Amino acid sequence: MTLDKKTFKKELRQRLSENYAMEIEDASEQELFYTLGTLIKAQYAEAWGNTWRRYISKQQKQVYYFSIEFLPGRMLKSNLLNLGMLAMVREALAELNIDLDKIADVEKDMALGNGGLGRLASCFMDSIASCNLPGNGNGIRYDYGLFKQRFVDGYQVELPDEWLKGGNIWEIRRESKAVDVRVGGHVYLAEVSKGHFKPVYENARVLRAVPYDTGMVGYDNDVVNTLRLWSVEIPASEEDKYQSIHGRRELEDLTAVLYPDDSNEQGRLTRLTQEYFFVSAGIQSIIRHYKKQYKKPIAQLSEYVSIHINDTHPALCVPEMMRILMDEEDLSWEQAWDITVKIMSYTNHTIMAEALEKWSIDLMKRTVPRMYQIIEEIDRRYVETIKALHPYELVERTRIIREGQVHMAHLSIIGSHSTNGVAKLHSDLLKAVVLHDFYVIYPDRFNNKTNGVAQRRWSQIVNRPMSKVLDETIGKTWRKNPDDLKLLMNYQADDKVLTKLAEAKKANKQALADYVLSATGIAISSEAIFDVQIKRLHAYKRQLLNLLHIIKLYQDIKENPQIERQKRVFIFGAKAAPSYHYAKVIIKCINEAAHLINNDPAIHDQLKIVFLENYNVTLAEKIIPAADVSEQISLASKEASGTSNMKLMLNGAITLATLDGANVEIRDAVGDENIYIFGLTEQEVYQYYQNQDYSARQLYEENPIIHRVLNAFIDGTIPNIEYEGREIFDSLIQYNDEYFLLRDFDSYVEAQQQIDHAYADQSFWQKMSLINIANAGRFSSDETVRRYAEDIWKVDPIRLPVDEEG
Ligand code: 26Q
């Protein structure tokens, strides 16, 4: 039941009066936001309860998506859109002289994730609900999300993200669903009857896990699923053990902060405890719910429950499920193992060796002793079973426990029935290289699920000008069915449509230009090409290659100012992990180059660099609709998929890319003529590894352009980077350019020149842009989660209440 404008206004007035004893006219944006938020929550409360009851009454199999990160950003407009209220509320508020966008700006981003992996989890939560799939998220309610980034003298500084200050309107604390989690201490097995052992815990610490639930509202379907995030507390029974402030703090710190590491940092005790904490709480709560509500024998659990392990961070799901089935439900090892493998599935998100998670045996024993015992037994039985079938070395290489460490990817693969990569190329590389040994052992477990994005958010919500043109051109069905974007292909030669799309883009660029001016004081022209690279700062993503090209352009303009060129604005958004020194050096260099170039009167507005602080979901929503060029320039084979590439394409940006991750599939979707591909292929990269014959120094010495660009880092051309410039230079020349920037430099420059030429012919450019939008539908996360549901989780869409009543 949706509200009409009149009832909505009345509701809003009434709530405002109840909450704040205020009239609409006198309310601040804060007060309006909180009032509107509670009104929306009340709108879906009933559907939330109904969804939950329906799963139980139909005994539906449900999937639980375990992820140590979720990155939803803001939820106000997304909830309004999915409830079918967005346009109505916008109008109603406008009639009251209130701008919805200003109200929405009050909301703090929920940034409980680092980047791609966490954002993907949130896109999936939206799509799972929107596709009528019974699925829930399980994670950690960090008190502080990913750090806030500021630049001081061009350096990154990190500030805490106090997202809960002022309260979180979307969550519900469910004290009654709290569970206990035991960590530390010692565990030994005591014989309770002949041949039957039970673990005895000594000196374990008991943690109280309290869940906070947030409704995941489906699009136009009355489905509201649950995202359950756990927060740690001191159990009442243990209060007297925690009398010192210090002791309390230490315990409460467990869910205080998200680890700000996009794959670099490893080996911290708190991190491992976090992993066990949300895994154990989540699995206990699933089993409790199953027994209480489904009332089925535990032996049938795998018919009703599917658990997804999002990267290896929740890999302890495997031994924890074993523990509960054996220690608490009295199943045999064999029964428990059979159920566990059927329930679990795992996604790998990286091929970077240093990101593969490992824990020392010692740490694992100290932190989660019962987990370690079970892992040891899984490992022992694995070796026992496999050694009859495969050579000794293969068995040794694939063991879970090797050389003093527990390999979490091995545990995830061995303990689940499905392992998938996140783009075709990535999944192929897993099979052929990274996880080849496992592919030999379990060929049937491997599959691909190309990532997707929540397209309604990344088009309808963030890009209203474009959405309007789409409605006028192809009707509104694309809003529900992204494949209908294809209809746009009929208009590739229609000048009217091309012009309207161009005008929409121009309006978005102007809006971004206004924001950039107010946020940074830098004036940029919407006439220029907006060239965008937005993602975590990582050597393999090669923001530095982008900078090298910018320096080249700068030097060209200085040398030949008279040549006509396209104006360019290079826009960056990127956070570096606080401990990632090299990434921070790159940030400093980009900022100093920006300062130099933006203030050089000889350059005027031919070239501008804007490095926006604190890249997050909300900033992405401002940048993406305004982008002309999408930079996806990782070294081939290194980016598992990428997802900003999909969002940018959907918004009509032209991709400039290596054949890496999902870029390959974007090329397949739009055709070679509508994308700019450059650089080494993944095979060529592997060739270099094999032959070990790459010489960056040779390129530097033989290529005068590269020579001049690199010298700018050490000869004072770029000021204030005495140390940083040297470090960059050395990483490329002394340390032989690990990510082949210099090897790809020429072809990158050439692709950029082609882009310049193409942009000069506006109707040609607009046609490419249209073709990109038209073919973006296949990267909808709706389709991705449907594939997971059918192929991996084996969960069916629920029947709608409409069907039941009808
Ligand atoms: C691991 C151990 C200890 C501490 C932190 C971590 C850690 C944290 C975050 C490891 C990895 C991550 C995040 C990885 C990630 O975001 N990967 C990206 O996943 C996207 C969604 O599949 C892909 O599109 C990107 O290509 C991939 O880089």
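Any read-out appearing in this document is the output of simple, stated calculations on the displayed coordinates, not a laboratory observation. The shown structure was predicted, so the numbers you read here are calculated from the model rather than taken from an experiment. Virtual Cβ from ideal backbone geometry, glycine too; neighbours counted across all protein chains shown.
The table for this structure:
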quantity: The chain, relative contact order in percent, only Cα pairs under 8 angstrom and at least six apart counted; calculated: 14
quantity: Order of T312, T38 - criterion: other Cβ atoms within 10 Å of each residue's Cβ, fewest first; calculated: T38, T312
quantity: Dipole-positive endmost among L258, Q405, Q59 within the chain (Cβ charges, Cα centre); calculated: Q59
quantity: Straight-distance crosslink candidates among aspartates and glutamates, where the alpha carbon sits under 20 Å from K387 and sequence neighbours closer than 8 are dropped; calculated: E334, D338, E376, E377, D379, E396, E403, D437, D444
quantity: Selection from G215, S231, S193 lying farthest towards where the dipole of the range 148-235 points positive, charges on Cβ; calculated: S193
quantity: Derived scalar couplings ³J(HN,Hα) [the range 717-728; Karplus, 6.51 cos²θ - 1.76 cosθ + 1.60; whole Hz; x for Gly, Pro]; calculated: 4, 8, x, 6, 10, 3, 7, 5, x, 5, 5, 4
quantity: Cβ charges +1 (Lys, Arg) and -1 (Asp, Glu), total dipole of the range 25-142, debye; calculated: 960
quantity: Fewest-first ranking of D311, D693, using other Cβ atoms within 10 Å as the exposure measure; calculated: D693, D311
quantity: For the range 33-111 and the range 211-246, distance of Cα centres in Å; calculated: 18
quantity: Computed magnitude of the charge dipole of the range 455-779 (debye, nearest 20; Cβ of K, R +1, Cβ of D, E -1); calculated: 1480
quantity: Under 5 Å, built H, 5+ apart or other chain: amide partners of R141; calculated: W230, S231
quantity: Using a Förster distance of 56 Å, the FRET efficiency for A87-S579 (Cβ separation, nearest 0.05); calculated: 0.80
quantity: Likely footprinting exposure, K5, K505, fewest C-beta neighbours within 10 Å first; calculated: K5, K505
quantity: Within straight-line cross-link reach of K177, lysines at Cα separation under 25 Å, skipping those fewer than 8 residues along the same chain; calculated: K41, K58, K61, K165, K241, K291, K292, K295, K296
quantity: Coil-residue trypsin sites (Lys or Arg not before Pro) of the range 186-229, DSSP, other Cβ within 10 Å capped at 14; calculated: K194
quantity: Nonlocal amide H pairs with S360, under 5 Å, H built at 1.01 Å; calculated: V406
quantity: Sparse-neighbourhood loop sites, trypsin sites (Lys or Arg not before Pro) in the range 55-109 - DSSP loop, at most 15 other Cβ within 10 angstrom; calculated: K58
quantity: HN-Hα J in Hz across the range 468-474 - Karplus 6.51, -1.76, 1.60, θ = phi - 60°, x for Gly and Pro; calculated: 5, 4, 4, 4, 5, 8, 10
quantity: Computed label-point distance, nm, for sites S332 and E396 using a 7 Å Cα→Cβ extension; calculated: 3.3
quantity: Charge dipole (debye, nearest 20) of the chain; +1 at Cβ of Lys and Arg, -1 at Cβ of Asp and Glu; calculated: 1980
quantity: Distance between modelled label sites at K486 and F764, nm, 7 Å Cα→Cβ extension; calculated: 2.9
quantity: Cα radius of gyration and Dmax for the range 201-268 (Å); calculated: 17.2, 52
quantity: Links that overshoot a 23 Å alpha carbon limit, given the list K541/K584; K6/K108; K194/K342; K449/K647; K486/K638; calculated: K6/K108; K194/K342; K486/K638
quantity: Computed lengthening from R13 to I361, 0.36 nm per intervening residue step minus Cα-Cα distance; calculated: 119.3 nm
quantity: Members of K476/K500; K468/K622; K9/K468 lying beyond 19 Å, as alpha-carbon distances in this model show; calculated: K9/K468
quantity: Mean shadow area of the range 455-779, taken as a quarter of the surface of its Cα convex hull (nm²); calculated: 15.9
quantity: Rounded to 5, percent antiparallel among DSSP beta bridges of the chain; calculated: 45
quantity: Listed peptides 441-453, 380-392, 247-259 by packing density, highest first (mean Cβ within 10 Å); calculated: 441-453, 247-259, 380-392
quantity: 20 Å-binned pair-distance histogram of the chain (Cα, whole percent); calculated: 15, 48, 32, 5, 0
quantity: Simple spin-label estimate for Y20 and T38 in nanometres, 7 Å along Cα-Cβ; calculated: 1.1
quantity: Stretchable slack from E158 to E790, in nm (0.36 nm times residue separation minus alpha-carbon distance); calculated: 223.3 nm
quantity: Distance histogram for the range 362-467 (every C-alpha pair counted, 10 angstrom bins, percent rounded to whole numbers); calculated: 13, 34, 24, 14, 9, 5, 0
quantity: 3J(HN,Hα) from dihedral phi, the range 761-775, Karplus parametrisation 6.51/-1.76/1.60, rounded to Hz, x for glycine, proline; calculated: 9, 4, 6, 4, 4, 4, 5, 4, 4, 4, 5, 5, 4, 4, 9
quantity: Whole-number percent relative contact order across the range 218-350, with pairs defined as alpha carbons under 8 Å at least 6 apart; calculated: 21
